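Peer 1: The structure that follows is given in the form of structure tokens.
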Amino acid sequence: MSVAREKIDRVTRTLNHEQPDRVPVGEFFWTNFVRRCKRELDVGDDFDPYRHWDLDMVVLTANMDPHVTGIEVLEDNDRRKLVKTGFGATNERLRTLPMPHFAQFEHASWEAIEALEFDDPYDPRRYSEPIDDLIDGGIDGLNPLEMKANMDVLEFKRSHGSRLAFNGNLDVQVLEKNDPGLTRELVLTRLNAGKGGGYILQSDHSMPGNVDPATYDLVIRFAREHGVYPLDLGEFAREVSPGSA
């Protein structure tokens, strides 16, 4: 079996509430985290976190713009980056602010919006082949699971574990402390959600730039050491069967 097929099997079995060889690991990475990795790790400019840490899933996003034009860079300098999308929207991101905002819309009237015609939804440029693998996997789960919103995957496992699969819930507010002991406790505690399958280990939303690459190294190390079935979580073992507390 190829490595890719092993990962597809691992994720698919997990989403079907079966126990594969180990708990799968996935992630969404902030650009600033990737930049930090390039600075602090012995890697090149083509650094890919999904392959570097050999994760089980790679994030893919289909192009759902009305016009499949790609991103047109209008301006890129030390002050700002200005781009135009297939929606006809112009987005600006200032170097001093973390999030972009809409600067202008091409379709600025009701008449223009009503006249808008979408490019072919079946245009192959919108998709890539791995999307078919995810669809074929019969995904039926909940993600994200943000601790900042008091979402606890162990509670969800107890109440809905037979009907939903879960992805995430590693509290980045803990990870950003960059404390090895707290990181170990967090990972091992969350791995309880993997009992009986149905859980993919991942952050509760996405990995920000204030998490050390070394801390994420620990996340992967603890996941690989303690996420093998049958799970042995020692002092961090928790009961997650239906109705337990």
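Peer 1: Could you list, ordered by first residue, the pairs with Cβ atoms under 8 Å in which the first is in the stretch 4-27 and more than 19 Å from residue 143 (Cα to Cα) and free of Cβ contacts under 8 Å to residues at least 24 places away in the same chain and the second is surrounded by 19 or more Cβ atoms within 10 Å (Cβ to Cβ) and not basic (Lys, Arg), at least 6 apart or interchain?
Peer 2: 9/20
Peer 1: Test of understanding: among 32, 63, which residue is of a type outside the set (A, V, I, L, M), at negative phi and assigned to a loop (DSSP other than H, G, I, E, B)?
Peer 2: Sole residue among the options that is of a type outside the set (A, V, I, L, M), at negative phi and assigned to a loop (DSSP other than H, G, I, E, B): 63.
Peer 1: Among the numbered criteria (1) in a helix (DSSP H, G or I); (2) over 29 Å from residue 143 (Cα atoms), which single criterion is violated by residue 82?
Peer 2: Going through the list (1) in a helix (DSSP H, G or I); (2) over 29 Å from residue 143 (Cα atoms), residue 82 breaks only (1).
Peer 1: Could you please tell me which pairs satisfy a Cβ distance under 7 Å, a separation of 6+ or placement on different chains, a first residue in the stretch 155-167 that is modelled with pLDDT of 85 or more, and a second residue that is among the basic types (Lys, Arg)?
Peer 2: Sorted first by the residue in the stretch 155-167, then by its partner, the pairs are 166/157.
Peer 1: Does residue 199 satisfy the condition of being in the same structural domain as residue 43 (by TED's automatic domain parsing), in contact with a Pro (Cβ under 8 Å, 6 or more places away or on another chain) and at pLDDT 95 or above?
Peer 2: Numbers: in the same structural domain as residue 43 (by TED's automatic domain parsing): yes; in contact with a Pro (Cβ under 8 Å, 6 or more places away or on another chain): no; at pLDDT 95 or above: yes.
Against the criterion (in the same structural domain as residue 43 (by TED's automatic domain parsing), in contact with a Pro (Cβ under 8 Å, 6 or more places away or on another chain) and at pLDDT 95 or above), residue 199 does not qualify.
Peer 1: Among the residues of the stretch 171-195, which ones are closer than 16 Å to residue 27 by Cα and touching a Lys or Arg at 6+ places or on another chain (Cβ under 6 Å)?
Peer 2: Within the stretch 171-195, none qualify.
Peer 1: So, one more: Take the stretch 138-175 and flag every residue that is under 21 Å from residue 12 (Cβ atoms) and among the hydrophobic types (A, V, I, L, M, F, W, C).
Peer 2: Those that are under 21 Å from residue 12 (Cβ atoms) and among the hydrophobic types (A, V, I, L, M, F, W, C): 139, 142, 145, 153, 156, 164, 165, 166.
Peer 1: Here are the criteria: (1) surrounded by 16 or more Cβ atoms within 10 Å (Cβ to Cβ); (2) of a type in the set (S, T, N, Q); (3) outside any helix (DSSP H, G or I). Tell me which single one residue 183 does not satisfy.
Peer 2: (3)
Peer 1: If you don't mind, there's one more thing I want to ask. How many of the residues in the stretch 56-70 are in contact (Cβ under 8 Å) with a residue 12 or more places away in the chain and under 25 Å from residue 205 (Cα atoms)?
Peer 2: Selection size over the stretch 56-70: 9.
Peer 1: Let me ask something additional. Give just the number: which of (1) over 23 Å from residue 208 (Cβ atoms); (2) touching an Asp or Glu at 6+ places or on another chain (Cβ under 7 Å); (3) assigned to a loop (DSSP other than H, G, I, E, B) does residue 70 not satisfy?
Peer 2: That leaves (2) as the condition not met.
Peer 1: Filter the stretch 72-93 for residues that are under 22 Å from residue 30 (Cα atoms) and surrounded by 13 or more Cβ atoms within 10 Å (Cβ to Cβ) and give the result.
Peer 2: 80, 81, 82, 83, 84, 85, 90, 91, 92, 93, listed by residue number.
Peer 1: Using the structure shown, decide if residue 56 is assigned to a loop (DSSP other than H, G, I, E, B), in contact with a Lys or Arg (Cβ under 6 Å, 6 or more places away or on another chain) and of a type in the set (D, E, K, R).
Peer 2: Against the criterion (assigned to a loop (DSSP other than H, G, I, E, B), in contact with a Lys or Arg (Cβ under 6 Å, 6 or more places away or on another chain) and of a type in the set (D, E, K, R)), residue 56 qualifies.
The values are calculated or read from the model by the stated rules, or taken from the named source; none is laboratory data. From a predicted model like this one, the values you see are computed outputs, not experimental measurements. Neighbour counts run over all protein chains shown; Cβ positions are idealised from the backbone, glycine included.
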